[in-house]
Amino acid sequence: MRLIRKSEGGFSFWVTVQVITFEHAHNPPYGKETITFDVSPFGVKMINFIHKGDEEEKKINEFYKEVLLDILQTFNLRLESFSKYSYEQLLYKSEKQKEYKVLSDIVTDIIENDLNSNIKPPYKNVIDPVTFIKGNQGYILFKRSDGTNIVLHVAKEIDKWVVVEKKDKQGKKMKNELIWYM
C-alpha cells in the first residue's frame with residue numbers, strides 16, 4: 001500500500017493498493033490488481049484500476065478470442081454494437097437486475113447440460129457461453145468439444161428473455177488447451 005498526501009498539511013490522500021489474486025496451485029490464473037483511491041473528508045473515490053494478468057490468463061483470453069471469431073465467422077454475425085457479457089458478468093447482472101435472471105438461467109442450463117458432459121480433465125477445449133445484448137435482442141454463443149458452433153438468438157418479451165432461434169454448424173475443433181476448471 002502506498003499513501004500520498006495531496007497537499008502539505010491537508011486531509012486528502014491518494015491511496016494505492018496492490019493485490020495479488022489467489023495464489024494456490026489449484027486456482028490459476030493469477031493477476032495483480034492495482035487500485036488508486038482519492039480519499040478526502042468528502043468521501044472515497046476510485047480514480048484508477050489496473051489489472052495485469054499472468055501467462056495463463058493471456059492464454060485463456062486468446063483461446064476465447066479464437067473461439068468467438070470462429071463462431072462469428074461461421075454464422076456471419078456482426079455483434080460489434082452489442083454489449084458482451086461473460087458467464088460471471090451475466091450472473092452478477094442477474095443478481096442486481098431481475099430482468100436478466102431468466103437469461104442467466106438459460107446460460108446456466110447450457111453449461112450444465114451441453115458443456116459439462118464434454119469436459120474431460122485435465123484439459124478442455126470448450127468455453128463458457130458468451131452473451132451479447134443490445135436492447136431487447138441478444139445472442140448466446142458457445143462451442144461444443146467436437147467443434148460444433150452454437151448460437152442462440154434470444155429476445156426480451158415482456159421482461160422475460162426467450163430463445164427465439166437455435167442454430168448449430170460445424171466449426172473449427174479446438175485443441176484441449178485450457179485447464180478443465182477454468
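The figures follow:
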| read-out | value |
| --- | --- |
| Filter pass, W180 being at pLDDT below 85 and either farther than 18 Å from I106 by Cβ or crowded, with 16+ Cβ neighbours inside 10 Å (or both) | yes |
| Region 131-146, subset assigned to a strand (DSSP E or B) and hydroxyl-bearing (S, T, Y), residue least open to solvent (accessible area, probe 1.4 Å) | T131 |
| So D128, is it under 21 Å from K65 (Cα atoms) and open to solvent by less than 50 Å² (accessible area, probe 1.4 Å) | yes |
| Flag if V163 is open to solvent by 50 Å² or more (accessible area, probe 1.4 Å) and of a type in the set (V, I, T) | yes |
| Residue in region 82-107 that is modelled with the highest pLDDT, counting only those that are polar (S, T, N, Q) and not in a helix (DSSP H, G or I) | S83 |
| Hey, Y123 surrounded by fewer than 17 Cβ atoms within 10 Å (Cβ to Cβ) and touching a Leu at 6+ places or on another chain (Cβ under 7 Å) or not | yes |
| Among (1) modelled with pLDDT of 85 or more; (2) in contact with a Lys or Arg (Cβ under 7 Å, 6 or more places away or on another chain); (3) farther than 23 Å from N61 by Cβ - the single one N149 does not satisfy | (3) |
| Subset of region 55-81 (residues that are in a loop (DSSP other than H, G, I, E, B) and open to solvent by less than 40 Å² (accessible area, probe 1.4 Å)) | L77, L79 |
| Any chance Y87 is out of contact with any strand residue (DSSP E or B) (no Cβ under 6 Å at 6 or more places or on another chain), of a type outside the set (V, I, T) and touching a residue at least 60 places away in the same chain (Cβ under 8 Å) | no |
| Check on N113, in contact with a strand residue (DSSP E or B) (Cβ under 7 Å, 6 or more places away or on another chain), open to solvent by 10 Å² or more (accessible area, probe 1.4 Å), more than 23 Å from L69 (Cα to Cα) and without any contact (Cβ under 8 Å) to a residue 40 or more places away in the chain | no |
| Residue within region 9-17 that is open to solvent by 70 Å² or more (accessible area, probe 1.4 Å) and either touching a helix residue (DSSP H, G or I) at 6+ places or on another chain (Cβ under 9 Å) or of a type in the set (F, W, Y) (or both) present | yes |
| Hey, K169 more than 15 Å from I60 (Cβ to Cβ), in contact with a helix residue (DSSP H, G or I) (Cβ under 9 Å, 6 or more places away or on another chain), modelled with pLDDT of 90 or more and loosely packed, with under 13 Cβ neighbours inside 10 Å or not | yes |
| Residues of region 147-160 classified as part of a loop (DSSP other than H, G, I, E, B) and open to solvent by 80 Å² or more (accessible area, probe 1.4 Å), total | 2 |
| Considering residues of region 22-37 that are open to solvent by less than 40 Å² (accessible area, probe 1.4 Å) and modelled with pLDDT under 85 only, the residue nearest to I60 (Cα to Cα) | P28 |
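The values are calculated or read from the model by the stated rules, or taken from the named source; none is laboratory data. Treat the numbers as computed from the prediction; the structure is a model and nothing was measured. Here Cβ is always computed from backbone atoms with ideal geometry, including for glycine, and neighbour counts include all displayed protein chains. The area values use the complete protein model at the heavy-atom level, side chains included, leaving out ligands, DNA and RNA. Shrake-Rupley method; radii C 1.70, N 1.55, O 1.52, S 1.80 Å.
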